[in-house]
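Reading through the structure tokens given below for one structure.
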Amino acid sequence: MKTKIFKLNQIRRAAEVIKNGELVAFPTETVYGLGANVFNQDAIKKIFVAKGRPLDNPLIVHISKKEQLYRIAKIKPSREKIIEKLVDEFWPGPLAIILQKKETVPEEVTAGLNTIAIRMPNNKTALRLIDYSENPIAAPSANLSGKPSGTCFEHVFDDFNGKIAGIIKSKPCKIGIESTVIDLTTKTPVLLRPGGTDFEKLKKTLPDLVLASDKKVKRAKSPGMKYRHYSPKAKIILFEKSALSQIENYKNKLESQNKSVKVISPEKIVDFPGKLFRIFRKCDEEKIDYILISSIEERGIGLAVMNRLRKSASKIVK
Ligand code: TXA
Ligand code: MG
């Protein structure tokens, strides 16, 4: 398949491709998404094929107007006020909320679940694409399954050229790490995936929000979180508590075995979390064998960065 590269003044044409049941990768403020019309079952199936994504991992649905929320989700009157408050405060932005789904949404989108993850991205190109295609767009991160999320055009092109109908060429994604996912279908709201919206900020609007890792949470239900994720070809060794001297020793040992090693300081990532996935992909280009990285405090964006590091690590040194 020939992949058409759309410029920023060709979003209407990209939307025509979505309307015709094909896939278009598009920028958001977090990472690139691989989009299809949410109501077109065949188009949704193409997402899973193109990514090599397990069929039990549901997609996030992107909307451009608040009214669209009511087209795809059922909202209990008792919850309406808090949901409205949340979306008014955090949308458009890097927050996906899980609600009960409406029957009109094909079950392929939600991998058979009766719940649906929805967000309004804070990116003009994404919002226009949704508007012009006249329906919400289901989109996982635009990367081959298991690989680091695509945060710029080149990453997406590397993974999908020849496999999808189109890619919108834009600047690198502003945040560079995926959205925060919260589940509002349970009695106590649960943060399933830390991301671009800080837990601490959400707590101010949703004081009873808990982390999925919290001992009080019996069963976290984000199917995607059980898979190993975000991994470059290099093996990542995460040092949870080690001193820099220990990391240096580790490096020397590996180098004496003729391995190429890169040591990354995570402080740099906190300034711009998108660096994380970029560094991973760059290490692949440079054929690095091992990435050694130390931990950062799990506060603000640090919570999301540590989550991605743990998921991508081959080994965690405690
Ligand atoms: O920032 C983002 O969220 C990006 C951009 C493109 O919007 N999208 C993204 O999608 O990261 P994806 O598919 O890579 O990750 C979606 C996560 C997965 O862990 C999935 O299991 C979870 O959200 N998820 C989606 N629907 C769910 C549902 N109904 N219940 C529980 N978890 C759900
Ligand atoms: Mg993903």
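Before moving on, here are some points about what is shown:
- Where a residue in the stretch 29-55 is at positive phi and its partner, wherever it lies, is not charged (D, E, K, R), with Cβ under 9 Å and at least six apart: GLY52/LEU144; GLY52/SER145; GLY52/GLY146
- The residues of the stretch 106-151 that are of a type in the set (A, V, I, L, M), assigned to a loop (DSSP other than H, G, I, E, B), crowded, with 21+ Cβ neighbours inside 10 Å and more than 8 Å from ligand 1 (Cβ to nearest atom), listed by number, are VAL109, MET120.
- If the condition is being assigned to a loop (DSSP other than H, G, I, E, B) and either touching a helix residue (DSSP H, G or I) at 6+ places or on another chain (Cβ under 7 Å) or of a type in the set (A, V, I, L, M, F, W, C) (or both), then the stretch 57-77 contributes ASN57, PRO58, LEU59, ILE63, SER64, LYS66, ILE75.
- Of all residues in the stretch 2-32, those that are in a loop (DSSP other than H, G, I, E, B) and more than 16 Å from ligand 2 (Cβ to nearest atom) total 6.
- Scope the stretch 154-163; condition within 14 Å of ligand 1 (Cβ to nearest atom) and touching a strand residue (DSSP E or B) at 6+ places or on another chain (Cβ under 7 Å); matching residues: VAL156, PHE160
- Those residues of the stretch 202-246 which are touching a helix residue (DSSP H, G or I) at 6+ places or on another chain (Cβ under 6 Å) and either at pLDDT below 70 or loosely packed, with under 12 Cβ neighbours inside 10 Å (or both), in sequence order: HIS229
- Consider the stretch 33-54 and keep the residues that are assigned to a helix (DSSP H, G or I) and out of contact with any strand residue (DSSP E or B) (no Cβ under 8 Å at 6 or more places or on another chain). The one that is nearest to ligand 2 (Cβ to nearest atom) is PHE48.
- Residue that is surrounded by the most Cβ atoms within 10 Å (Cβ to Cβ), among those in the stretch 294-318 that are within 21 Å of ARG281 (Cβ to Cβ) and of a type in the set (Ser, Thr, Tyr): SER312
- In the set (1) touching a residue at least 40 places away in the same chain (Cβ under 8 Å); (2) under 18 Å from LYS51 (Cβ atoms); (3) touching a Lys or Arg at 6+ places or on another chain (Cβ under 8 Å), the condition left unmet by ILE116 is number (2).
The values are calculated or read from the model by the stated rules, or taken from the named source; none is laboratory data. Values in this document were obtained by computation on a predicted structure and should not be read as measured data. In this analysis, Cβ positions are derived from the backbone assuming ideal geometry, glycine residues included, and neighbour counts consider all displayed protein chains.
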